[in-house]
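Here's the structure we're looking at; comments come further down.
The values are calculated or read from the model by the stated rules, or taken from the named source; none is laboratory data. No experiment lies behind these values; they were computed from the predicted model shown. No Cβ is skipped: glycine too gets one built from the backbone with ideal geometry, and neighbour counts run over all protein chains shown.
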């Protein structure tokens with residue numbers, strides 16, 4: 001509800017003061033303009049177009065349901081588009097959307113705040129854009145001048161306008177050339193093309209130098225060419241007015257960052273640099289008033305008032321990892337914290353000169369960030385560093401991150417503060433995950449390193465959507481969302497509890513601290529009356545960096561030494577007392593990974609079946625789901641399926657699945673059975689034998705890798721090629737003829753391969769027949785969590801967009817490696 005106090009905007013409007021109406025209208029106009037520039041209003045149409053392009057590229061039929069209602073049938077993709085509009089496109093991805101402004105909502109909001117500071121403080125000069133893309137940011141600048149009726153200022157747009165930046169032009173994703181006509185047309189579309197917009201075509205370093213621009217209030221540089229960024233700064237910096245802003249959109253790139261830092265150093269620019277988000281940064285040229293668009297740039301004095309939250313993060317030789325970690329603690333990344341008054345205390349614990357973060361780097365992530373360098377006082381253990389951070393913080397609640405290599409999901413601060421309030425007094429825990437294909441001590445030994453990890457971050461377009469971290473991560477240890485808590489690298493406690501129970505015990509003096517974090521957690525959670533809360537769907541992700549314990553290829557002996565030290569200091573083995581756990585939050589689809597929850601109810605089912613006096617059972621009783629999954633897990637681990645054979649050839653299948661296959665063949669009597677991932681040929685031989693017995697059917701076995709000594713049978717045809725490739729599918733159709741009645745068996749593989757093969761061969765399956773997706777138990781369902789997104793995730797995607805449904809009736813034997821993978825065509 002708006003204030004009606006004298007002098008408030010609502011009161012001015014109520015009293016007929018037209019200035020209030022004008023201000024309100026200007027804000028409304030700029031909000032609509034912003035939404036139009038980042039295409040927030042018509043994302044469903046953008047989704048339709050991208051879907052049509054993907055269908056054309058893949059040669060697949062169009063699903064009319066998706067075109068009619070993309071929000072319902074492509075909801076995940078729509079949510080991702082919405083998040084990308086918020087975060088903006090990453091510099092390396094070029095123009096990938098219908099949006100005129102690829103910088104996203106966060107950077108647009110910051111741009112407006114800078115423009116408002118220029119207007120309200122009467123900073124002299126024009127607006128200059130270097131590297132304009134489709135023109136969105138410059139259009140917004142011109143719209144701001146129009147909304148606030150500032151006729152004396154101009155917008156200068158400098159760009160090569162030569163169509164560069166078409167990375168990915170061969171992909172089905174939308175891309176746009178950057179030419180002068182298209183950008184001019186964009187200005188005209190918003191009725192903002194007039195003589196107050198000046199275009200400079202050619203290398204900006206040259207055109208800006210030669211331009212008649214006298215004074216600049218705001219310079220925005222959007223270029224991935226580090227040399228060009230440096231040249232533009234050289235050409236324009238002396239023309240920037242006192243109090244004017246410099247915004248560098250691609251500061252997140254290493255080369256661009258180095259160029260900007262070198263320029264600032266060589267020109268003695270001492271004005272603090274502020275991170276806008278992961279990609280962009282800005283600073284304000286020195287003036288008497290140096291108020292930031294988002295707060296103060298200058299070093300703030302020690303706050304007198306207690307803040308809501310103080311986050312303590314310890315860093316040691318992890319500059320690469322710190323850039324991501326600190327970004328995940330910033331306001332531009334965390335969601336739902338607009339009203340949260342918090343601070344982040346970054347404690348440098350003895351890093352080497354090349355790895356040292358420095359105050360400017362830390363403060364660039366926002367005014368909430370403070371930096372403490374222990375220097376010569378640093379110790380091998382992080383315990384002292386944590387205590388220094390706690391002492392420096394004024395937060396009423398504390399978050400402790402003993403290892404700065406952990407980055408967070410976007411809801412951690414919001415849900416932690418909510419949990420502290422609801423379950424007070426409480427300890428709130430973020431689950432621990434590794435970045436990478438499995439347990440880091442094992443994956444590092446197998447060749448996983450920072451280069452691979454950086455590619456993983458690029459593949460999920462991090463940090464556009466922080467929850468996509470779950471796509472490239474794994475739980476630390478043999479745990480999941482509902483296991484008990486004994487440690488966290490990001491847990492929240494009331495400050496009063498720390499004051500009462502004490503900080504970290506500096507007696508844990510070994511490098512890395514040994515069990516100091518576990519000890520601190522145990523003392524917090526063991527306090528009387530404390531509730532333990534786990535945040536579902538929120539987590540901290542450990543980046544690979546050569547840590548003392550987690551990146552040790554054989555940590556067993558090291559952990560044993562930690563146990564011995566703990567027992568020596570505490571006089572007992574480490575043990576966390578049992579606590580009932582409360583849960584807050586929700587689990588996003590990418591994080592749906594957990595082992596089966598075993599509840600000991602089988603005895604009750606058995607007793608109910610036989611009756612109190614042990615009489616004869618009256619009928620069948622389904623196998624309890626927990627028991628079934630445990631047996632599947634045990635049988636898979638026994639590797640007996642790898643020794644199962646048919647006529648001397650290994651099938652690599654449990655006998656019950658083979659028995660179901662023969663039932664399906666007898667029931668649907670296919671012309672062809674298409675199987676992928678041939679293996680040693682035992683499964684193909686079994687299928688051909690069944691066809692021989694019933695007197696009909698052929699087997700087409702497709703494999704994407706060279707094989708030898710395959711079994712021969714008159715009903716088997718082998719085809720070498722990638723099952724998901726169109727060329728292989730064309731060869732298969734040539735072998736089978738037009739519209740064969742098929743039964744398809746897709747061998748266990750990574751999710752994208754399975755989905756690709758399904759799209760090629762599912763159209764050959766008639767109503768009533770099946771596509772069988774094998775090995776859906778992989779990826780923690782319940783076996784081999786480190787397999788990652790595999791057949792089970794492929795099944796979820798298939799069911800979301802096809803005419804198939806699972807047929808659980810064929811899983812009645814209890815033992816199957818294809819849980820939920822027998823997909824029957826129903827229309």
- Task: Among the residues of region 674-687, count how many are crowded, with 21+ Cβ neighbours inside 10 Å and either within 39 Å of the chain's Cα centre (by Cα) or not assigned by TED's automatic domain parsing to the domain that holds residue 735 (or both).
- Result: 6
- Task: Check whether at least one residue in region 578-591 is touching a helix residue (DSSP H, G or I) at 6+ places or on another chain (Cβ under 8 Å), assigned to a loop (DSSP other than H, G, I, E, B) and either modelled with pLDDT of 75 or more or not assigned by TED's automatic domain parsing to the domain that holds residue 387 (or both), and report yes or no.
- Result: yes
- Task: Filter region 655-679 down to residues that are modelled with pLDDT of 95 or more and either in a loop (DSSP other than H, G, I, E, B) or in contact with a strand residue (DSSP E or B) (Cβ under 8 Å, 6 or more places away or on another chain) (or both), then give me how many there are.
- Result: 14
- Answer yes or no: is there a residue in region 440-459 that is in contact (Cβ under 8 Å) with a residue 12 or more places away in the chain and closer than 30 Å to residue 503 by Cα. yes
- Item | From the options 802, 809, residue that is farther than 18 Å from residue 723 by Cα and not in a loop (DSSP other than H, G, I, E, B) | 809
- Note on the structure: By residue number, the members of region 630-651 that are in contact with a helix residue (DSSP H, G or I) (Cβ under 6 Å, 6 or more places away or on another chain) and closer than 23 Å to residue 753 by Cα are 651
- Message: Restricting to region 556-580, count the residues that are within 20 Å of residue 519 (Cβ to Cβ) and in contact (Cβ under 8 Å) with a residue 12 or more places away in the chain.
- Response: 13
